[in-house]
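K.L.:
Below you will find the structure I want to go over with you.
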Amino acid sequence: MGNTASTTKGADDFYEFKEWGKPELAIVPGDLLVSLTYSPYEYIVIKKEFEKKAPRGGENKWDIPREEFSMDQIIGAGNFGKVYKGKMNGKVIAIKISKGGQMSTKEFLAEAEIMKKCQHENLVELLGICTDQKQIFIISEFMSNGSLLDYMKTKKSLQLDAMIGIAAQIANGMAFLESKRIVHRDLAARNVLIGKDKIAKVADFGLARLLPSDQNVYTSRGSGFPIKWTAPEGFRGEFTTKSDVWSFGIVVIEIMNKGREPYPGIANGEILQKLESGYRQPKPENCPQELYDAVISCWQENPTRRPSFASLYATLRSMQIV
Ligand SMILES: Nc1ncnc2c1ncn2[C@@H]1O[C@H](COP(=O)(O)OP(=O)(O)O)[C@@H](O)[C@H]1O
Ligand SMILES: [Mg+2]
């Protein structure tokens, strides 16, 4: 590219780029581009909104005023709230809104707090938080191909290598959480998002928790958890990174089975007993033995015998045809 357009503050809220060049090649300082037009003159005009340009610093750097973003159509409704597609400074965004009532403000803000710590290429990126009198809005990057679950259901022709690639990216994102002592507790295909070029990012930190500094387990007295994705110890309220590893094994099978629900034909109420008797989901037909072996290692009854996400990532990477 090498386009070193210099900027000068023009009249009102315009920047003038004193150089020829295609608009898409212009190097734009800051990320608050609103619109870009190629003028008939020898410069490119970029409309700026100056008050937004001021760098947000310190504590308030995540705060977004309500008028800075639009909410267009609804794209998802999970257990805890609604998700909309919208726009902020010309960029497409996703906005998650607390339902109110069912979930306390404190819990919803805790989700955003965790997301602030999750800056990694395979974790969905928080862009900001907006609070008004009634609601809280969590603003994140928009992932154009939606949830992995929907993606797998519609992309029937996905190659094995692409499936392993998606699983490897999830393991990579989870390895980051592992290193930050964050347990996710809701890892499932519905909570992984797919962007362009089969980029996969772990999302939905609604149940995620930071582990206490003195122990590797988060104990929960709450009753709501995703039965078919939860490790046996989770039924007793014990959650660790190793219970996320268990869920990861379930996700790999979801991928290989093109988004089919885990343990088809088995009711939630029967799962724990089945698992305790040693039952595990069988190998999907198209699943290489090596991959299934990795999955089975995630489903060791003893959590300490399950692999780390870091090693799962290495294992999956080594299986990819590069
Ligand atoms: N950043 C995003 N980009 C695209 N789709 C999203 C995004 N965030 C959420 N969604 C959609 O909304 C659904 C629910 O979002 P999620 O964060 O899992 O909420 P909940 O806590 O209610 O389950 C997802 O399964 C996905 O389809
Ligand atoms: Mg969800």
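K.L.:
In the neighborhood of Leu148, defined by Cβ-to-Cβ distances under 12 Å, what is the net charge if each Lys or Arg adds +1 and each Asp or Glu adds -1?
P.N.:
Cβ neighbours under 12 Å give a net charge of +3.
K.L.:
Of the peptides 239-247, 265-273, 134-142, 203-211, how do they stack up when ordered by the mean number of other Cβ atoms within 10 Å, highest first?
P.N.:
Ranked from most to least packed, the peptides come out as 239-247, 203-211, 134-142, 265-273.
K.L.:
Using the Karplus equation 6.51 cos²θ - 1.76 cosθ + 1.60 (θ = phi - 60°), what ³J(HN,Hα) coupling, rounded to whole Hz, does each residue of region 85-94 give in order, writing x for Gly and Pro?
P.N.:
These are the phi-based 3J(HN,Hα) values: 9, x, 9, 9, 6, x, 9, 6, 9, 10 Hz.
K.L.:
I'd like the Karplus ³J(HN,Hα) series for region 229-244: coefficients 6.51, -1.76, 1.60, θ = phi - 60°, whole numbers in Hz, and an x wherever there's a Gly or Pro.
P.N.:
Values per residue, Gly and Pro as x: 9, 8, 5, x, 5, x, 5, 8, x, 9, 10, 9, 4, 5, 6, 5 Hz.
K.L.:
Separate question: Could you line up Asp197, Asp132 from fewest to most neighbouring Cβ atoms inside 10 Å?
P.N.:
The order, fewest Cβ neighbours first, is Asp197, Asp132.
K.L.:
Turning to a different aspect of this structure: All other residues with a Cβ under 13 Å from the Cβ of Glu285 taken together, and with Lys, Arg as +1 and Asp, Glu as -1, what is their net charge?
P.N.:
Result for the neighbourhood of Glu285: +3.
K.L.:
With 31 Å as the limit, write out which pairs from Lys242/Lys283; Lys96/Lys196; Lys85/Lys274 have Cα-Cα distances beyond it, or answer none.
P.N.:
Lys85/Lys274
K.L.:
I need the calculated FRET efficiency for the pair Leu210 and Val92, taking r as the beta carbon distance and R₀ as 41 Å, to the nearest 0.05.
P.N.:
Given R0 = 41 Å and the Cβ-Cβ separation, E is 0.85.
No value in this document is a laboratory result; all are computed from the given coordinates. All figures in this text were calculated on a predicted structure; none of them were measured in a lab. Please note: Cβ atoms are built from the backbone with ideal geometry, for glycine as well, and neighbour counts cover all protein chains shown.
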